[in-house]
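Reading through the structure tokens given below for one structure.
Read the figures in this text as sums done on the coordinates, not as results from a lab. Since the model is a prediction, treat every value here as computed from it, not as a measurement. We place every Cβ from the backbone using ideal geometry, glycine too, and count neighbours over all the protein chains shown.
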Amino acid sequence: MSEQLAKVARMTRSVSQLEQYEQCGHQYYLRRVQRVTPRPAAWSHQGTAFHSAIEAYERSGRQLAVGVVTEMFSDEYTSLTTRAMREEPRLDRWMTAGRKAPVADIEDRHTLGREQAAAYVAWAQDKGPSIWKAPDGKLGIELHLTVEIGGVTVQGYVDQLPVEPTGSVRVRDLKTGSMKSKFQLQTYGVLVRKALGLEVERGDWYMAKKGSLSRPVDLAQVPEEEIGRRFADMDQGVKAGRFPASPGFHCRFCDVSHSCSFFSS
Ligand code: SF4
């Protein structure tokens, strides 16, 4: 077993690891064992900068002015995309949605991200969700939680924990794109219950594209054993060095396809 594979075999698991492994084991192998540099994508920097700006806004007790929040988005987005352009100056290698040219995509997402940050501030001022606070004052924002599920150590960053009228908390994930993972909400529900001892009945997504919440997802009946089984299967597969390739439609969005011998466009 190579040193890097041994390191990956020991890693704490996460939803993104599991979903990547289940979709295509070879992609997991290229990214995490072979450490292939992924092709950059402006959408990923848009998501990171949006999360940072909203986190700062929420941690300020919603006191930051909308202009400050949009500037925070701009600063981080510009810094991230500038660094990524230095690392990969050939913009034709950048990933974009559809056929949009990378330069236009980078510029458009800057404008869009600012609009989305402003829309979040307006939404939060209007709806005023109450965010859970721990007895020590720690706010339920971007919480890093780690627990054991199915005998596997699993970690996750929970974007927000609003309090329900019943006193339970809701698991909320902020999305700048359209992809939603119910499994992520279910796993985070288990993380919150086990790590914080809180009751979780529902989860949802704040959809930045719409500036509103999705329909709530029922998390009260989530079988922890089922989630644990998936993590255990994935963990065993990695430890056994099993990384089967699963070529398909998703190869179009694979950021390591340039190093994949199974890829055909
Ligand atoms: S291009 Fe397709 S088959 Fe190759 S690693 Fe990516 S997802 Fe897997």
| query | Taking a ≥ b ≥ c as the square roots of the eigenvalues of the Cα gyration tensor of region 155-265, is the shape rounded (a/c under 1.5), prolate (a/b larger than b/c) or oblate? | reply | oblate
| request: May I ask for the distance between the Cα centers of region 213-265 and region 142-167, given as a whole number of Å? | output: 20
| 3J(HN,Hα) from dihedral phi, region 129-139, Karplus parametrisation 6.51/-1.76/1.60, rounded to Hz, x for glycine, proline | x, 8, 8, 4, 10, 6, x, 7, x, 5, 8
| note | At the level of C-alpha centres, the distance separating region 1-15 and region 44-112, in angstrom, is 30
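Looking at the chain only, what percent of DSSP beta bridges run antiparallel? Nearest 5 please.
65
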| said: Using a 7 Å offset from the Cα along the Cα-to-Cβ direction at both residue 88 and residue 103, what is the distance between the two label points in nm, to one decimal? | reply: 1.9
| note | Taking 258, 26, 110 and counting other beta carbon atoms within 10 angstrom, the fewest-first order is 258, 110, 26
| query | Can you tell me the Rg and Dmax of region 47-196, counting just the alpha carbons, in angstroms? | reply | 17.5, 53
| task | Would you please state the base-10 log of I(q)/I(0) at q = 0.12 1/Å for the chain, with intensities from the Debye formula using one equal scatterer on every alpha carbon? | result | -0.83
| Considering the dipole of the chain built from charges on the beta carbon (Lys and Arg +1, Asp and Glu -1) around the Cα centre, which of 244, 165, 111 is farthest to its positive end? | 244
